[in-house]
1. Excluding the sites themselves, what is the longest stretch of the chain that contains no trypsin sites (Lys or Arg not before Pro) in a DSSP loop with at most 10 other C-beta atoms within 10 Å?
2. List the GluC sites (Glu not before Pro) within segment 53-114 that fall in a DSSP loop (any state other than H, G, I, E or B) and whose Cβ has at most 10 other Cβ atoms within 10 Å.
3. Can you compute 3J(HN,Hα) from phi for each residue in segment 57-66, using the Karplus curve 6.51 cos²θ - 1.76 cosθ + 1.60 with θ = phi - 60°, rounded to whole Hz and x for Gly and Pro?
4. What are the radius of gyration and Dmax of segment 50-121, computed over its Cα atoms and given in Å?
5. Express the Stokes-Einstein translational diffusion coefficient of segment 1-52 in µm² s⁻¹, to the nearest whole number, given a Kirkwood radius over alpha-carbon pairs, 25 °C and a viscosity of 0.890 mPa s.
6. From the phi angles alone, apply the Karplus equation (6.51, -1.76, 1.60; θ = phi - 60°) to segment 196-206 and give each ³J(HN,Hα) in whole Hz, x where the residue is Gly or Pro.
7. Under 20 °C and 1.002 mPa s, how fast does the chain diffuse according to Stokes-Einstein, given a Kirkwood radius computed over C-alpha pairs? Answer in µm²/s, whole number.
8. Check which residues have an amide H placed less than 5 Å from Val66's amide H, if you skip close sequence neighbours.
Amino acid sequence: MSDSNRLRIAVQKSGRLSDDSIALLKAIGIKLQIRDRLLIAHSTNQPIDLLLVRDDDIPGLVMDGVVDLGFIGENELEEKMLERQAAGKQHEYIELRRLDYGGCRLSIAVPNEFNYQGVQSLAGKKVATTYPFLLERFFKEQNVEAKAVMLTGSVEVAPRAGVADAICDLVSTGATLEANGLHEEDVIFRSKAVFIQRAGELTEAKQSLINKLLPRIDGVIQAKESKYIMLHAPLAYLEQVKSLLPGSENPTVLPLAGNDKTVAIHVVSPENLFWETMEKLKALGCSSILVMPIEKMMN
Ligand code: ATP
Ligand code: MG
């Protein structure tokens, strides 16, 4: 029996969300020893256990309260939520953070010879998908009488196999669709990975640990989007230089030894510096322009 004081987090065992979710946990200071083929991994420095499972199981584990937290794609989460709601099962959860990975879209795709004139063209047709609840909801919103046919795999071969007229599947580049003589028409859902918590109260110790982890997650996400910019600028153009630097109302301006016409500027920018901006800075007489990644930050 596991120690109920340890926070339990469900993570996809192996797939598109695994590496980023585990990297995020490590980045927020959780030391993990993950051994192949084991369902559970213990943190060596925090009262945290990871449950490594198929992504399909994560929404249910959180909603049933088997785990306290989970990392999951919104597509899978929303589908399972609708499925459980329809079955009268517990379907509540708390979304803690939307994350910056796992981006994809759930789209309707049709065979190239299909004369698609908008969603209405699907009236009376069969659409194969792994996400029947999301698709049925979309049909209802659009007032289209079409039928979702549930397939757990190889959705993209359904039209050729005569099982369906069109498909609704996750797309990133469209290469799989193209290889199967299909093309994307309508996006029905845009998804990213999210960090969720089970509904209901947790023990004080667990909740305070979560409250400590969340600002760290924010710090990691913010750091990824931010850059540390350093450059030498002519004092005469300080204002123009500052106006070119994103988010630099109050940059650090430092004197340079033996040079009273030039200063060093340091700034944490909330966004990257584009080549075009760097070229403009150079044209103003700036030099030694450095754009550096930030690993962690706390405001
Ligand atoms: P499991 O064996 O855990 O059930 P799976 O095959 O269902 O894995 P993956 O292909 O690893 O799942 O995708 C997991 C999630 O990653 C998707 O549900 C989606 O949220 C996200 N994702 C991000 N990009 C893509 C993509 N290009 N195609 C499919 N899913 C993607
Ligand atoms: Mg899955």
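The values are calculated or read from the model by the stated rules, or taken from the named source; none is laboratory data. Being a predicted model, the structure only gives us computed values, none of them experimental. Positions of Cβ are generated from backbone atoms using ideal geometry, with glycine treated the same way; all protein chains shown enter the neighbour counts. In case anyone asks, the SASA skips ligands and DNA or RNA and just uses the protein heavy atoms, side chains included. Shrake-Rupley method; radii C 1.70, N 1.55, O 1.52, S 1.80 Å.
1. Numbers: sites that count: Arg35, Arg37.
After excluding every exposed loop site, the longest remaining stretch is 38-299.
2. Values: sites: Glu74, Glu76, Glu78, Glu79, Glu83, Glu92, Glu95, Glu113; in loops: Glu92, Glu113.
For GluC sites (Glu not before Pro) across segment 53-114 that sit outside H, G, I, E and B with at most 10 neighbouring Cβ atoms in 10 Å, the list reads Glu113.
3. With the stated coefficients, segment 57-66 comes to 7, 5, x, x, 4, 6, 5, 7, x, 6 Hz.
4. 16.1, 48
5. Details: Rh = 11.2 Å.
Here the translational diffusion coefficient equals 219 µm²/s.
6. 10, 10, 6, 5, x, 7, 9, 5, 4, 5, 5
7. On the way: Rh = 22.7 Å.
Estimated diffusion coefficient is 94 µm²/s.
8. Long-range HN contacts for Val66: none found.
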